[in-house]
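**Q** Below are the structure tokens for one structure; questions will follow.
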Amino acid sequence: MSSNAPAHEDAHEAHHGHSHGHEAAHGTFKSYVIGFLLSVVLTAIPFWLVMADVFDSRAVTAALVMALAAVQIVVHMIFFLHMNPQSEGGWTMMALIFTLLIVAIGLSGSLWVMHHLNANMMPMSPEMMKNMP
């Protein structure tokens, strides 16, 4: 029985030991700590910008919060999801680019529709609002 066991283990290793380039790169403790610290900083800065009312313009504050959110997404993808152009033969990056394109189309279309609905809506006075069902 023991003479058959090494042959079985070798066959098992041959079957499961080879990879097709799908191995994931795992981060080190240092990379996880760096990612965590960057995430905390990228969360604290927008919180401070909003709570301290740093800028007079809400548009500037909103643009900075969204830009920092985009940077935080990239930090999460690099440090926690271990995404890079070489992982999975580049297909992970292609899927990400496709996803970002679909999200951009969906968001811009939604904002466009909401803007035109707001621009074409009939203005109402407070008296008209009181009489609404």
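The values are calculated or read from the model by the stated rules, or taken from the named source; none is laboratory data. Worth saying up front: this structure is predicted, and the values here are computed from it rather than measured. Cβ atoms come from the backbone with ideal geometry, glycine included; neighbour counts cover every protein chain shown.
**Q** Taking the stretch 35-63, which residues are among the small types (Gly, Ala, Ser) and in a helix (DSSP H, G or I)?
**A** 35, 39, 44, 59, 62, 63
**Q** Report, by residue number, each residue of the stretch 75-133 that is touching a residue at least 40 places away in the same chain (Cβ under 8 Å) and on the phi > 0 side of the Ramachandran plot.
**A** 82, 88, 89
**Q** Identify, please: which residue in the stretch 30-59 is out of contact with any Phe, Trp or Tyr (no Cβ under 9 Å at 6 or more places or on another chain) and closer than 24 Å to residue 100 by Cβ and is, among those, modelled with the lowest pLDDT?
**A** Residue satisfying both the conditions and the ranking: 59.
**Q** Let me ask something additional. Just give me the residues in the stretch 103-131 being more than 18 Å from residue 69 (Cβ to Cβ) and either surrounded by 10 or more Cβ atoms within 10 Å (Cβ to Cβ) or under 32 Å from the mean Cα position of the chain (by Cα) (or both), in sequence order.
**A** 105, 109, 112, 113, 114, 115, 116, 117, 118, 119, 124, 128
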